[in-house]
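In what follows, a single structure is set out as structure tokens and then discussed.
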Amino acid sequence: MPKKGSAIWRISYDTSLAIGSFLNAVNLPRQDLVLCVTPPTQLAISCAALARAWDAPLVLLVKDLPIDAAKAVGLLKSTLVIKLGRMLERLAYRLADRIIVISPGFYRNLVRQGVPGDRIVEIGDWVDIESVSPLPPDRAMRDLLGAGQNDFLVVHTGNMGEKQGLI
């Protein structure tokens, strides 16, 4: 992300990623299935073109709702851009043969956008905290991290940045 991000910059970046991905994949031999992880939503359009060229089904794995996320942190304010983004989302969902979402909230969001519920499959993208339990503190790791014996440490393995309102 640039120091002064904008919705236009992000849309341009995501579009260039989709175009580049398409150009890299277009000469691959025919595949039996196209699995597209989104966002960016533009990537779904590129993947749909590949799926059609290969006469293969397109499955979208929706890992985030970028229009809703961008609106929530104030990155996206223009009603025109929001409307165009929603149109692109709906097109992506229509082009997919099946859509995998990671939570019940995502499922409800897509149904509200007109996606038939029988085309959506929910596969949680989470961990069962009942089956994962913490280990005793690792003194060597705490020393390496500069943490005291009583400091509470957290590991985060996802993105934390401008879109999450942290920059």
Within the set L35, L23, L135, GNM on the chain using Cα springs under 10 Å gives the largest fluctuation to L135
Taking P(r) over Cα pairs in 5 Å bins from 0, in percent as the quantity of interest, determine which of (i) 2, 9, 16, 19, 19, 13, 9, 7, 4, 2, 1, 0; (ii) 2, 9, 19, 23, 21, 15, 8, 3, 1, 0; (iii) 1, 7, 14, 16, 15, 14, 10, 8, 6, 5, 2, 0 was computed from the displayed structure.
(iii)
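Rounded if a/c is under 1.5, else prolate if a/b beats b/c, else oblate: with a ≥ b ≥ c from the C-alpha gyration tensor eigenvalues square-rooted, which is region 68-143? Could you put the intermediate results ahead of the total?
On the way: a/c = 3.82, a/b = 1.76, b/c = 2.17.
In terms of gyration-tensor shape, oblate.
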Considering the chain as a Gaussian network with a 10 Å cut-off on Cα pairs, which listed residue, Y107, Y93, Y13, attains the greatest mean-square fluctuation?
Y13
Long-range amide H partners of L61, meaning residues 5 or more apart or on another chain whose placed amide H is closer than 5 Å, are C36, V37, T38, I100
Kyte-Doolittle mean at least 0.5 and Cα axial length at least 15 Å: DSSP H helices in the chain:
7-25, 41-54
Residue-normalised accessible area of region 64-167, expressed per residue, 1.4 Å probe, Å²:
71
So for region 26-87, what are the equivalent ellipsoid semi-axes in whole Å, largest first, each being the square root of 5 times an eigenvalue of the Cα gyration tensor?
29, 11, 8
Accessible area of the chain belonging to carbon and sulfur atoms, whole % at 1.4 Å probe:
60
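The values are calculated or read from the model by the stated rules, or taken from the named source; none is laboratory data. Since the structure is predicted, the reported quantities are computational estimates derived from the model, not experimental observations. Surface accessibility is based on the protein's heavy atoms, side chains included, excluding ligands, DNA and RNA. Shrake-Rupley method; radii C 1.70, N 1.55, O 1.52, S 1.80 Å.
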